[in-house]
Structures are given as C-alpha cells and as structure tokens.
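Data block below; observations after.
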Amino acid sequence: MRFGPTIIAQAEALAALTERPGMLARSYLTPQHRRAGEQIRAWMREAGMQADFDALGNVVGRYAGSKPGAPMVMTGSHMDTVVNAGKYDGIFGVLAPIACVAALHREGKRLAFPIEVVAFGDEEGVRFGTSMMGSKALSGHFDDAVLDSRDAQGVALRDALRDFGGDAAAIAGLRRRPEQIRVYVETHIEQGPVLLQEGLPVGVVTAIAGSSRVRVQVRGEEGHAGTVPMALRHDALAAASEMVLALERHCRATDGRVVGTVGKLAVADGGAINVIPGLVEFTVDMRSGDDATRRRAVAETQAMFRELAGARGVALEWTPLQELGAAPCDASEQESLARAIEAHGIAVRRLPSGAGHDAMQFSGVAPIAMLFVRCGNGGISHSPRETLAAEDAEVATAVLLRYLEGLA
C-alpha cells in the first residue's frame, strides 16, 4: 500500500495534540491548533507544496499546475475536533489530498491546474459557537460580527485570533473568487453505517443535507407531586416527552428523507423529585438533502407540537435558531468520482450526507463534490470509537488521485 499506513500513522500523531489528556479535543486558535497546523504545514511542504497559515489560522498548501492561469482544484477539510473526538473526522480529508500531491511530486508530475489543499482551522464551532469559519472565509461567507463572539472563558474571537498570529483585517482578502475555482472536492469518513453495511469502501455523495434547528419551550404548571390529581395536571415534561416521540414517529415515516433529533432536554432549575415540572426546554434538529422536504417536515412538526400542547393544556414557544440550506453535489463531478471508483473495480454507491461539511460553504461559488470513505465499528463518529481501516484509506486516496488525474 502506498497511502493507507502513512495516513493512519499521521492521524495518530495528530490525535496526540489534544487540550484534554485522555481524550482528543482540539479547538480553534489553541496551542494544539497551532501545533497541529505546523505539522500539517510540514507535511504539505514535504509533499512539494508551498504552504503556510493564512490570516484566519487555516493552513493552505498549493501545488502549482502546468498551465498558467488555470482555475484551481480546491480540496481539504478541518483540523479541529469535537470534545472526546475520533481520529479521522475532518483530518482524513486533509491527509488524503496531501498524499495525492506527494505521489504526483515524487513522479515529477504536475496537472494542468493548481491544487490547493486547505486544513480549515474551525469547522466544528466548539470554542466560539460558530461553525465553518474557515470555509466561510474562503468562500466569501464570513460574517465579521462573529469576531465579537466569546468562548467559555470570555475571550473574544478577535483577541484570540490576534494572539494566534492571525489578522482580522485581512479576512476579507482570503475569499476565492468563483472564476478561480474549477471544483471544490472533499474526502471524508462517512460518519454513518451505510457503506459498512453494504461492504463498500467508498461512495459518492449526492448532496449535503440542510438543517433546521429550533429551541422549544413548553410551559405548564408546577404542582406538588402528591396532591395534584393526574387528570388536573399540566405537566410540561410529560407534554415535551410526547412531542419528542411524535417527532421520532414523524421522521421515521419519511423513509429516510428526513431525520430529526432532540439533542438537549432540560427541566427548569434542574427539576425536583417531588414537583410536577412546570417549564421544559428542548432542541430540535431536522435535516434533509432536499430543502422543500425539510421545510415541510419542520412545519408539520410545529403543527403537531401545537396540537399536543393544546390537548395537554400547556403553552408552546417555538424559536428557530438556524436554517442551513442543502448543498447538492455537482452531477458532472459525481460522474467523475463514479468513474474513478469503477476504475478500481468497486461498485458505485451514491448516498447523501446527513452531516454538514466545509464543502457546503462552496455551493453556489463553485461545483462541489464529495467522496465518502467507510467508517468501521458500526459507522460511529464524533467518538473515540471512530475507526478507519488502512485498506479503506488506501482505496479512497487512490480514487481521489485518479479523479484528479481524470480532471486533467
């Protein structure tokens, strides 16, 4: 194998750069971000690229093409992680294209176009609560207002960026214009079980799902757990529980077109064992690869919740938090990836991505493409139980290289 063992070893080395001993946690503009970026920069330079940090803390490597002025193929993923993360989410999409460029460089080969590999400093949004800052800047979607965001210690993003060595005033200049980008292609672990269940090492992504996030507040009436008859209660937690199950039933009935999750649920003030809950808050996250389908499902869910609230005599407050549109992958680029997969004798599986990725920020700016690689261990991701086989890393990187050479 040319690629797999090296990529796995590099991912292991980067996993040691963590803020929390005993688990992988690497957030934006920390010393661990700096050290990971320096290592990635070194690997980029060894692969024959010019590479350095940019004004926002992304690490950008560029491998010149043979045709002056040709639009670049842009690729990469993120180097930050969630708390208690796996070793391959994001970082595989940085290491695989570096390996491709290294292979071209060893052969003294340049493609007609330049290749730009980006290790984005922030995709997860763990530290400052705003995700995909790196890709937003390069795609022209960065909002300067987020510079005033503060982390849990009260440190403002603009101050952390200055201390890191970045330059807030130069962020606008990071934008790549549409005419500069031929295609943005990202490789990523699937973060799900589909390829694993079907015995396939790679797959072609058709679209990155859009999402709707909502905060729901259910206000009932507190009361003594022993003195209020069951028929006279306005139990906010019982009502919220019914809503959570209704959301699950509704999404299951869509045959996979929509997924819905309640990730947080809390009784006000922590609740008490002998008090009927009077106020409950929970979150709703609904996703689909088709925006119209998602919006319709969200509206139907809100109507269901209101009906349940009315039946139980509680008040409902529905507060939208975020709307993120779906990002369809370019049909022509999907075909190019499919041909690269078929050239390795592998059946082509097309599937949507339910998770968000940096690639979606380039939708509407340039054609986007995504290649998924199989997760082991049941498809678990965002967990230390996340796995990637060296054999699958090998296949995915070889497919990516064939795709790049096919574009040339």
### Summary
Going through (1) under 30 Å from the mean Cα position of the chain (by Cα); (2) over 30 Å from ALA338 (Cβ atoms); (3) of a type in the set (D, E, K, R) one by one, ASP291 fails only at (2)
### Task
Starting from the range 360-384, take each residue that is more than 21 Å from SER288 (Cα to Cα) and of a type in the set (S, T, N, Q) and list its partners that are modelled with pLDDT of 95 or more and buried (at least 24 other Cβ atoms within 10 Å of the Cβ), counting only C-beta distances under 9 angstrom and pairs at least six apart or across chains.
SER383/ALA85; SER383/GLY86
### Message
I need the full set of residues from the range 272-283 which are closer than 14 Å to ARG219 by Cβ and free of Cβ contacts under 8 Å to residues at least 60 places away in the same chain, in order please.
### Response
ILE276, PRO277, GLY278
### Among residues of the range 377-408, those that are among the small types (Gly, Ala, Ser) and under 25 Å from GLY354 (Cβ atoms), counted
7
### Message
It is to be established whether one or more residues within the range 166-175 are loosely packed, with under 14 Cβ neighbours inside 10 Å, more than 19 Å from the chain's Cα centre (by Cα), assigned by TED's automatic domain parsing to the domain that holds VAL244 and farther than 23 Å from GLY325 by Cα.
### Response
no
### Task
Would you tally the residues in the range 339-374 being more than 20 Å from the chain's Cα centre (by Cα), within 21 Å of LEU388 (Cα to Cα) and either surrounded by fewer than 19 Cβ atoms within 10 Å (Cβ to Cβ) or of a type in the set (Lys, Arg) (or both)?
6
### Query
Got at least one residue in the range 42-55 being under 28 Å from ARG2 (Cα atoms), surrounded by fewer than 22 Cβ atoms within 10 Å (Cβ to Cβ) and touching a residue at least 60 places away in the same chain (Cβ under 8 Å)?
yes
### Message
Out of the residues in the range 311-364 meeting the condition of being outside any strand (DSSP E or B) and of a type in the set (Ser, Thr, Tyr), tell me which one is nearest to GLY210 (Cα to Cα).
### Response
SER363
### Task
Please indicate, with yes or no, whether at least one residue in the range 21-28 is buried (at least 20 other Cβ atoms within 10 Å of the Cβ), of a type outside the set (Ser, Thr, Tyr) and assigned to a helix (DSSP H, G or I).
no
### Message
For the range 1-19: of the residues being at pLDDT 95 or above and outside any helix (DSSP H, G or I), which is surrounded by the fewest Cβ atoms within 10 Å (Cβ to Cβ)?
### Response
ALA16
### Message
Can you list the helices (runs of 4 or more DSSP H) lying wholly within the range 29-144 that have 3 or more residues being under 20 Å from ALA396 (Cα atoms)?
### Response
31-46, 92-106
### Query
In the range 215-251, how many are assigned to a helix (DSSP H, G or I) and either within 23 Å of the chain's Cα centre (by Cα) or touching a residue at least 12 places away in the same chain (Cβ under 8 Å) (or both)?
13
### Query
Given the conditions (1) without any contact (Cβ under 8 Å) to a residue 40 or more places away in the chain; (2) assigned to a helix (DSSP H, G or I), and given that LEU308 satisfies all but one, which numbered condition is not satisfied?
(1)
### Query
charged (D, E, K, R), in contact with a Leu (Cβ under 8 Å, 6 or more places away or on another chain) and without any contact (Cβ under 8 Å) to a residue 60 or more places away in the chain - does that describe any residue in the range 81-100?
no
### Message
Give me the residue from the range 309-331 that is within 21 Å of the chain's Cα centre (by Cα) and charged (D, E, K, R) and, out of that set, nearest to LEU407 (Cα to Cα).
### Response
ASP330
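The values are calculated or read from the model by the stated rules, or taken from the named source; none is laboratory data. Predicted model only: the values in this text are computed from it and were never measured. Cβ sites come from the backbone with ideal geometry, for glycine too, and all protein chains shown count toward neighbours.
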